[in-house]
1. Would you be able to say whether some residue in region 19-29 is exposed (fewer than 12 other Cβ atoms within 10 Å of the Cβ), part of a helix (DSSP H, G or I) and of a type in the set (S, T, N, Q)?
2. Filter region 50-80 for residues that are of a type in the set (Gly, Ala, Ser) and in a helix (DSSP H, G or I) and give the result.
3. How about region 44-72: which of its residues are open to solvent by 60 Å² or more (accessible area, probe 1.4 Å) and touching a residue at least 40 places away in the same chain (Cβ under 8 Å)?
4. Between a first residue in region 24-43 that is in contact (Cβ under 8 Å) with a residue 12 or more places away in the chain and a second residue that is of a type in the set (D, E, K, R) and open to solvent by 40 Å² or more (accessible area, probe 1.4 Å), which pairs have beta carbons less than 6 Å apart while being 6 or more apart in sequence or on different chains?
5. Of the conditions (1) out of contact with any Phe, Trp or Tyr (no Cβ under 7 Å at 6 or more places or on another chain); (2) in a loop (DSSP other than H, G, I, E, B); (3) open to solvent by 80 Å² or more (accessible area, probe 1.4 Å), Leu92 clears all except one; give me its number.
6. For Ser85, are the conditions met, namely being out of contact with any strand residue (DSSP E or B) (no Cβ under 9 Å at 6 or more places or on another chain), of a type in the set (Ser, Thr, Tyr) and modelled with pLDDT of 90 or more?
7. When you check Ser33 against the structure, is it of a type in the set (Gly, Ala, Ser), under 13 Å from the mean Cα position of the chain (by Cα), assigned to a helix (DSSP H, G or I) and surrounded by 12 or more Cβ atoms within 10 Å (Cβ to Cβ), yes or no?
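The values are calculated or read from the model by the stated rules, or taken from the named source; none is laboratory data. The structure presented is a predicted model; accordingly, all values stated were derived computationally and were not measured. Cβ placement follows ideal geometry from the backbone for every residue including glycine, while neighbour counts extend to all protein chains displayed. Each accessible area value is taken on the protein alone, full model and side chains, heavy atoms only, with ligands, DNA and RNA left out. Shrake-Rupley method; radii C 1.70, N 1.55, O 1.52, S 1.80 Å.
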Amino acid sequence: MDAEIILIIIKMLLGGIVAFLAILTMSKTRASSWMFMMCGFLFMYISLMFELFVSIGVFKEPPIYVFGLPLISLLSIIIPNLFFSIGLIIKLIKK
């Protein structure tokens, strides 16, 4: 097997476990800080799926660029980290 394929399989397997646990945790907690963290995990898994689909040719990235970077790739990096940051800020404020 190609090393890149093995890396993609590992990312998808671990990302799937994290997304599954995030969904289970969302049903058990009502704290807004944890909800933002779980949304960050889910969006991270969605971005992994999109990256996989682009690499195997199922989807094509739209030709929209911001600062020379594809918009979808840029958003897939920014959105999960934004949710993580918001969740941690809420956690710090409520303490």
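1. yes
2. Ser55, Ser73, Ser76
3. Matches in region 44-72: Ser55 only.
4. Taking only residues 6 or more apart or on different chains, the pairs are Ser33/Lys91.
5. (2)
6. Details: out of contact with any strand residue (DSSP E or B) (no Cβ under 9 Å at 6 or more places or on another chain): yes; of a type in the set (Ser, Thr, Tyr): yes; modelled with pLDDT of 90 or more: yes.
In short, yes.
7. On the way: of a type in the set (Gly, Ala, Ser): yes; under 13 Å from the mean Cα position of the chain (by Cα): no; assigned to a helix (DSSP H, G or I): yes; surrounded by 12 or more Cβ atoms within 10 Å (Cβ to Cβ): yes.
So Ser33 does not fit the description; no.
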